[in-house]
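To start, the structure under review is shown below, and the notes come after it.
Bear in mind these aren't lab numbers, they're just calculated from the coordinates by the rules spelled out. These figures come from a predicted structure and were not determined experimentally. Note that we place each Cβ from the backbone using ideal geometry, even for glycine, and neighbour counts take in every protein chain shown.
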Amino acid sequence: MARLINEYFTSHLSLSPEEALRLQERYYKDYGLAIEGLSRYHKVDPMDFNRQVDDALPLDGLLLPDPELRKTLESLDKTKVKMWLFTNAHITHAKRVVKLLEVEDLFEGMTYCDYLQSPLVPKPEPGMFEKAEQEAGVTDRSNVYFVDDSLINCKSAYARGWTNTVHLVEPQVPDPPNKPCLHQISSLRELLDLFPELLKP
């Protein structure tokens with residue numbers, strides 16, 4: 001995906017690869033989503049970006065069914081927790097990913113970044129979290145269990161009162177110097193030890 005994003009920046013903004021990478025990183029840091037900066041400052045059509053980047057990814061050769069992920073998710077008691085996807089991707093890309101991983105049937109719904117909306121409202125914007133709360137039927141923010149690999153998304157969620165926010169930092173990624181929330185894991189499997197109260201009997 002990084003290559004396709006970089007190519008999109010270079011071709012549409014007439015930038016060198018180095019300039020494109022710097023701008024892409026800046027937009028991700030500032031807005032949580034590269035396309036947010038592109039649409040805000042360069043009038044790029046988010047759906048065109050989605051077609052040429054997200055939906056153009058050859059995911060069929062990259063993502064395979066993940067039995068370990070499925071086993072982890074199936075360990076959670078659905079009478080205690082509503083399984084809900086919350087993503088900055090557009091719906092077409094998000095559905096494609098969970099289908100390839102073969103976990104789409106484990107979730108009750110999805111809150112996604114609507115690329116047809118103007119302006120875009122992605123995480124970490126408060127409006128995106130409000131949208132997720134409304135769509136998932138949240139009545140008590142302290143009962144939300146939220147996992148994200150983005151530091152700024154976790155920081156925003158925790159500040160909102162989602163106290164059970166978990167920052168996923170994969171093993172190859174350096175630990176952040178300032179943690180955005182109370183919990184940090186390197187694998188989704190660790191959720192089972194972190195929140196045993198959510199497991200099936």
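The equivalent ellipsoid that matches the C-alpha gyration tensor of the chain spans semi-axes of 29, 19, 17 angstrom, in descending order. Any of LYS80/LYS200; LYS99/LYS155; LYS95/LYS179; LYS95/LYS200; LYS82/LYS200 with alpha carbons more than 19 Å apart? Name them for me. Flagged as over cut-off: LYS99/LYS155; LYS95/LYS179; LYS95/LYS200.
The modelled label-to-label distance between GLU170 and ARG189, using points 7 Å beyond Cα along the C-beta direction, is 1.6 nm. Rounded, prolate or oblate: pick one for region 100-184, where a ≥ b ≥ c are the square roots of the eigenvalues of its C-alpha gyration tensor, a/c under 1.5 means rounded, and failing that, prolate if a/b is larger than b/c, else oblate. Note, shape of region 100-184 comes out rounded. Computed from the alpha carbon positions, the gyration tensor of region 2-57 leads to an equivalent ellipsoid with semi-axes of 15, 13, 11 Å, biggest first.
Of the residues PHE146, LEU15, PRO58, the one whose Cα sits farthest towards the positive end of the charge dipole of the chain is PHE146 (charges of +1 on Lys and Arg Cβ, -1 on Asp and Glu Cβ, taken about the Cα centre). Rounded to the nearest whole angstrom, the semi-axes of the ellipsoid equivalent to region 85-130, taken from the Cα gyration tensor as √(5λ), stand at 21, 11, 7, largest first. Between amide H atoms placed 1.01 Å from N, distances below 5 Å from VAL166 occur with PHE146, VAL147, ASP148, all of them 5 or more places distant or on a separate chain. What is the Cα centroid distance between region 55-78 and region 158-181, reported in whole angstrom? So the two Cα centres are separated by 22 Å.
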